[in-house]
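Asks: Take a look at the following structure, please.
Rule-based calculations on the coordinates, nothing more; no lab input. No experiment lies behind these values; they were computed from the predicted model shown. Every residue, glycine among them, receives a Cβ derived from its backbone with ideal geometry; neighbour counts consider all protein chains shown.
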Amino acid sequence: MVSYKRDAVKNGMATEGIGQLDEEVVRRLEQRASVNNRSFESELRHILEQAAEGDFAANRRGFRQLSRRMRQQTSGRTHTPSHILVREDRDYDHEAY
């Protein structure tokens with residue numbers, strides 16, 4: 001169970017609190033911080049910053065590139081409308097196989 005509390009924002013920086021973390025999770029985070037020569041707090045900040053910015057942007061770029069390639073590879077082909085594919089899947093007896 002994790003509890004979350006956001007305190008007032010001061011000078012553009014918010015103070016966050018997370019409680020009731022599993023001791024094993026805390027131990028692994030402390031170990032990770034040590035390997036990266038960071039304090040526990042700095043390691044948490046680094047993880048959160050990456051999750052909020054880097055991963056989202058990279059995933060979005062990757063998705064756009066994949067979509068572009070798929071559109072190029074399938075251009076000129078006749079495509080089955082999605083509502084037909086969804087209906088076929090819903091009607092298909094998945095339990096039988």
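Asks: Considering the range 35-60 alone, what residues qualify as being part of a loop (DSSP other than H, G, I, E, B) and of a type in the set (S, T, N, Q)? Talk me through it step by step, then tell me what you get.
Replies: Step one: filter the range 35-60 for residues part of a loop (DSSP other than H, G, I, E, B), giving 36-39.
Within the range 35-60, Asn36, Asn37, Ser39 qualify.
Asks: In addition: Suppose we filter Arg90, Arg32 for residues that are under 19 Å from Glu16 (Cβ atoms) and either in a helix (DSSP H, G or I) or in contact with a Lys or Arg (Cβ under 9 Å, 6 or more places away or on another chain) (or both); which single one remains?
Replies: Working: Arg90 fails: under 19 Å from Glu16 (Cβ atoms).
Criteria check complete, one pass: Arg32.
Asks: Now for a different question. When the range 48-78 is examined, which residues are found to be polar (S, T, N, Q) and under 30 Å from Ala14 (Cα atoms)?
Replies: Start the filter on the range 48-78 by keeping residues that are polar (S, T, N, Q), which leaves 50, 59, 65, 67, 72-75, 78.
Listed by number, the residues that qualify are Gln50, Asn59.
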